[in-house]
Amino acid sequence: MKLKLLTLFLFITSATLAQTDNKLTAQLQNAIKGFKGQAGIYVQNLKTGKIVAINADTLFPTASMIKVSIQCGLMDKIEKGELQYNQKLIYRDSLLYRGEDILGSFKDKDTIQLSKVALLMITMSDNTASTWLQKLVGGEYINNWLQQNGFKVMRVNSRIPGREAIRKVYGWGVSTPFEMCRLFTMIRQGKAVSEAASERMYRNMVRIYWDDKALSQIPPYVQTISKQGAVDESRSETVLVNAPHGDYVFAIITNHNTDQSWTPDNEAGLLIKKVSALLWHYFEPHNTWKPAEGMDKYMKNE
């Protein structure tokens, strides 16, 4: 516990003393100008420590990005020996989260390894897998892990007694752009649960199916971890990029969006792509890569 408190103190201190990148801040402020909704951005160059914070401490709905915290709670239970990563689970029809999820097509009493359910939750953002793991771990357990690790506002809201009111406002989960980036950075640095658990989570998070927004603006040969979140009025993404000249992490979260369409030209979706491209070229100015002509037809993941 003392070590965790020391780590948290050092993180808060470094965040407080972090130098703002004024040039990049101006570019990002210009990028979101005129957006018909609310936008929050946090960026940190993990090599230099320089940051950009635009509404970075504002509460936003996470939508599916909260699944990263479910993954952390799961790994914490595995670390303590209360669950096993390769244990067999029995699917029941009562677990179904209606939609087009892979796991939702299972039949009652089918079996599957916990590791594959975890992979589906992160890679495919499978909602049935996610609610199953949240139930297995316990929503309050996940929130306690977040609190113990210094997260002031990031919480799971759904299916947790006492959080009904905040769920009506923010949905499944709530966070800030800063805290989303902090969680990704902890995983990158091997400080989420344990070094081994962080490595396992990192491996899961590089295998993202939903790569048509922020990831589409980063060369496919550059490793990234990411998680996306999308509901009608909120589209968001958090990404940590293992860039050649140094890692950087960013979160862009939108809310109260006027454009609530689910087409490739959705305003928030285009904004996420715009911000991701801007950051890539800012941190890697001599890299000439750009998406291949005709790539759009291969990015229709909806």
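Read-outs throughout are calculated quantities, based only on the coordinates presented, and are distinct from any laboratory measurement. None of the values given here were measured: they were computed from a predicted structure. When we count neighbours, we look across all protein chains shown, and the Cβ atoms used for this are built from the backbone with ideal geometry, even at glycine.
Projecting the Cα atoms of 111, 138, 127 onto the charge dipole of the range 90-145 (Cβ charges, centred on the Cα centre) puts 111 farthest toward the positive pole.
Close amide H pairs (under 5 Å, H built 1.01 Å from N) link residue 174 with 62, 155, 157, residues at least 5 positions away or on another chain.
Using the number of other C-beta atoms within 10 angstrom as an exposure proxy, rank 184, 151 with the fewest first. Don't skip to the end; give the middle numbers.
Values: 184 28, 151 21.
Listing 184, 151 from fewest to most nearby Cβ atoms yields 151, 184.
I need 97, 282, 248, 221 ordered by Cβ neighbour count within 10 Å, fewest first. Spell out each step's value before the answer.
Working: 97 14, 282 17, 248 23, 221 6.
Least to most surrounded, the residues fall as 221, 97, 282, 248.
Bridgeable lysines around residue 168 (alpha carbons under 24 Å apart, same-chain partners fewer than 8 residues away excluded): 36, 67, 135, 152, 227. With the simple spin-label model, which puts each label point 7 Å out from Cα in the Cβ direction, the residue 98 to residue 233 separation comes to 2.2 nm. Residues whose amide H lies under 5 Å from that of residue 223, counting only those 5 or more places away or on a different chain, are 242; hydrogens are built 1.01 Å from N in the peptide plane.
Classify the range 168-302 as rounded, prolate or oblate from the Cα gyration tensor: take a ≥ b ≥ c as the square roots of its eigenvalues, call it rounded if a/c is under 1.5, otherwise prolate when a/b beats b/c and oblate if not. Oblate, because a/c is 1.5 or more while a/b does not exceed b/c. Summary value for the range 25-94: 19 percent relative contact order, contacts being C-alpha pairs under 8 angstrom separated by 6+ residues. Rounded, prolate or oblate: which fits the range 97-169, taking a ≥ b ≥ c as square roots of the Cα gyration tensor eigenvalues, rounded meaning a/c under 1.5, else prolate when a/b beats b/c? Taking the square roots of the gyration eigenvalues as a ≥ b ≥ c, the range 97-169 is prolate.
Among rounded, prolate and oblate, which fits the range 238-287 when a ≥ b ≥ c are the square roots of the eigenvalues of its C-alpha gyration tensor, a/c under 1.5 means rounded, and a/b larger than b/c means prolate?
Working: a/c = 3.46, a/b = 2.25, b/c = 1.54.
Cα axes put the range 238-287 in the prolate bin.
Counting other C-beta atoms within 10 Å, which of 154, 180 has the fewest, and how do the rest follow?
Values: 154 26, 180 32.
Final ranking by Cβ density, sparse to dense: 154, 180.
When each full DSSP H helix of the chain is screened for a Cα extent of at least 20 Å along its own axis and an average Kyte-Doolittle hydropathy of at least 1.0, the helices passing are 2-17.
By the helix-only formula, in which each DSSP H run with n ≥ 4 contributes -39500 (n - 2.57) and the sum is divided by residues, the chain has a 222 nm mean residue ellipticity of -11500 deg cm²/dmol.
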